[in-house]
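Written below as structure tokens is the structure these notes are about.
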């Protein structure tokens, strides 16, 4: 039964948090002798690489600032890493930066000039990722690399999870996305659990209203990932609250993986349809699944 599983998951989380509090969280980069950059996207510039604009030869503007998170830094080189499938390309965008914070803007021409592997729009594809970071030279001559030459992280979780600084910024190659708003949802599906009553399982065209919030770069949060169906099925376990979910829209293809209250991950898949509706299929680790059609109300 899911109630027992929910209790076990809660106990696991308590033990996990307790163990994390005892962990020193040492990074590859030493926080006593090292340094980190603080790289931030400029909110008024592009949050992703707009593939439609690049293909139409329209300008893109990837604006970001580079500051020092901590450390005794003499200078910085601004580094670019382009992830394309199993390949990682590395390039230097600016060298010997000594005044902080510094502001930079990347156009598509800057991108093609920086990487010998990228010659034009035909070399960019949905799913590619550009990461912007820095290599720092300390006043004692030590060089700190945030990413290794192969694109792997040269730091630990305490640095990556810091709210005080961001050691890199990622720009996904994607298409414009505008899915935020209020939607009416009709969901059909079934539960593998024995709890729901027969007239509630399976269910057809269950109506509900949700809100989709944009997080930037084609990433979204939906106020209730199951269109109210989880609350209908599992109120017998005290589940009387909405369950948020997250997903990405990449050129009309919806995907996402996120946890649900009973301890498994939910997989989202679907499409943005020509008429603006969303068709989403979801399934959890128990095999409960549903198909939802979202229609924008505003």
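The values are calculated or read from the model by the stated rules, or taken from the named source; none is laboratory data. Please read these numbers as outputs of a predicted model, since none were measured by experiment. Don't worry about glycine lacking a Cβ; one is built from the backbone with ideal geometry, like all the others, and counts go over all protein chains shown.
Side notes on the structure shown:
- Yes/no for residue 88 being under 22 Å from residue 52 (Cα atoms), in the same structural domain as residue 55 (by TED's automatic domain parsing), assigned to a strand (DSSP E or B) and at pLDDT 95 or above: no
- Only one of 195, 227 that is assigned to a loop (DSSP other than H, G, I, E, B) and touching a strand residue (DSSP E or B) at 6+ places or on another chain (Cβ under 8 Å): 227
- Verdict on residue 123 being in contact with a helix residue (DSSP H, G or I) (Cβ under 9 Å, 6 or more places away or on another chain) and in the same structural domain as residue 270 (by TED's automatic domain parsing): no
- Condition check for residue 116: surrounded by fewer than 16 Cβ atoms within 10 Å (Cβ to Cβ), assigned to a loop (DSSP other than H, G, I, E, B) and in the same structural domain as residue 66 (by TED's automatic domain parsing): yes
- Filter result for residue 206 (in a strand (DSSP E or B), in contact with a helix residue (DSSP H, G or I) (Cβ under 6 Å, 6 or more places away or on another chain) and in contact (Cβ under 8 Å) with a residue 12 or more places away in the chain): yes
- Residue count for the range 220-231 satisfying the condition of being surrounded by 19 or more Cβ atoms within 10 Å (Cβ to Cβ) and farther than 14 Å from residue 278 by Cα: 3.
- Exactly one residue among 96, 75 is assigned by TED's automatic domain parsing to the domain that holds residue 123, loosely packed, with under 14 Cβ neighbours inside 10 Å, modelled with pLDDT of 95 or more and farther than 24 Å from residue 177 by Cβ, and that residue is 96.
- Flag for residue 249 being in contact (Cβ under 8 Å) with a residue 24 or more places away in the chain and either assigned by TED's automatic domain parsing to the domain that holds residue 197 or within 20 Å of residue 192 (Cα to Cα) (or both): yes
- Selection of the range 50-70 for residues being outside any strand (DSSP E or B), crowded, with 20+ Cβ neighbours inside 10 Å and modelled with pLDDT of 95 or more yields only 60.
- Among the candidates 104, 100, residue that is free of Cβ contacts under 8 Å to residues at least 60 places away in the same chain, closer than 24 Å to residue 153 by Cβ and not in a strand (DSSP E or B): 100
- For the range 128-175, a residue qualifies if it is under 30 Å from residue 280 (Cβ atoms) and surrounded by 13 or more Cβ atoms within 10 Å (Cβ to Cβ), and the qualifying residues are 128, 129, 130, 131, 169, 170, 171, 172, 173, 174, 175.
- Where residue 243 falls short, out of the listed (1) crowded, with 19+ Cβ neighbours inside 10 Å; (2) touching a residue at least 24 places away in the same chain (Cβ under 8 Å); (3) at negative phi: (2)
- Qualifying positions in the range 176-185 - surrounded by fewer than 16 Cβ atoms within 10 Å (Cβ to Cβ) and more than 19 Å from residue 48 (Cβ to Cβ): 181, 182, 184
Yes/no per residue for (1) outside any strand (DSSP E or B); (2) farther than 18 Å from residue 78 by Cα; (3) outside the structural domain of residue 100 (by TED's automatic domain parsing):
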position	(1), (2), (3)
127	yes, yes, no
132	no, no, no
136	no, no, no
140	yes, yes, no
159	yes, yes, no
163	yes, yes, no
166	yes, no, no
